[in-house]
Amino acid sequence: MLLLRSRAVGVVIALVGLIFAATGVYLFVSAGWQPATATATSCHTSTTGSGTGTGTHNRSGRRTQQVCEVTWNDGGVVRTGSLTSGGKSMTVGQPFPVRVHGDQVALPSSLWIRVGTLALGVVLLGGGLVLALRRRPT
């Protein structure tokens with residue numbers, strides 16, 4: 001029974017690691033996109049998680065995110081997209097830097113965020129797989 005529990009925990013840890021690793025890869029890929037300047041045309045706030053509280057991150061598990069429709073100029077063509085920001089506040093009408101690839105837009109991330117996210121994902125994925133696949137001692 002204990003082996004089954006540790007395997008299940010290992011699978012969950014590996015899945016969380018896979019999510020972090022995929023996010024890290026996306027952050028590295030989007031860092032190579034073309035730099036541009038976008039302007040928010042409209043924004044709204046959404047709250048995810050459960051519990052109550054205020055602020056971007058709080059002890060109750062709720063998280064406030066800002067979702068904005070943005071526009072940018074791509075070689076004379078005005079493009080639009082949607083950005084979700086958990087920490088950076090975007091003001092309607094104020095320009096800010098983004099990375100773009102066709103109709104895709106992403107906020108730039110620092111190198112330590114990209115490396116940290118990818119490293120955490122790889123460690124969790126590896127540790128979870130080891131825990132899930134280890135054999136019972138004989």
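The values are calculated or read from the model by the stated rules, or taken from the named source; none is laboratory data. Quantities reported herein were computed from a predicted structural model and do not represent experimental measurements. Please note: Cβ atoms are built from the backbone with ideal geometry, for glycine as well, and neighbour counts cover all protein chains shown.
Cβ-Cβ under 8 Å, sequence separation 6+ or interchain: first residue in the range 89-113 and without any contact (Cβ under 8 Å) to a residue 24 or more places away in the chain, partner of a type in the set (Asp, Glu). Which pairs? Listed pairs, sorted by first residue: none to list.
For the range 27-66, which positions are in a strand (DSSP E or B), of a type in the set (A, V, I, L, M, F, W, C), in contact with a Ser or Thr (Cβ under 9 Å, 6 or more places away or on another chain) and modelled with pLDDT of 90 or more? 38, 40, listed by residue number. Would you confirm whether or not the range 94-109 contains a residue that is under 26 Å from residue 47 (Cα atoms), of a type in the set (Gly, Ala, Ser) and surrounded by fewer than 15 Cβ atoms within 10 Å (Cβ to Cβ)? Looking for residues that are under 26 Å from residue 47 (Cα atoms), of a type in the set (Gly, Ala, Ser) and surrounded by fewer than 15 Cβ atoms within 10 Å (Cβ to Cβ), one finds none in the range 94-109, hence no.
Tell me yes or no: at least one residue of the range 104-114 is hydroxyl-bearing (Ser, Thr, Tyr) and over 26 Å from residue 18 (Cβ atoms). No: zero hits.
Quick check: is even one residue across the range 63-81 surrounded by fewer than 12 Cβ atoms within 10 Å (Cβ to Cβ), without any contact (Cβ under 8 Å) to a residue 24 or more places away in the chain, of a type in the set (Ser, Thr, Tyr) and over 13 Å from residue 37 (Cβ atoms)? Within the range 63-81 (the criterion being surrounded by fewer than 12 Cβ atoms within 10 Å (Cβ to Cβ), without any contact (Cβ under 8 Å) to a residue 24 or more places away in the chain, of a type in the set (Ser, Thr, Tyr) and over 13 Å from residue 37 (Cβ atoms)), the answer is no, since none of the residues qualifies. Flag set for residue 24, criterion: modelled with pLDDT of 95 or more and either buried (at least 17 other Cβ atoms within 10 Å of the Cβ) or on the phi > 0 side of the Ramachandran plot (or both).
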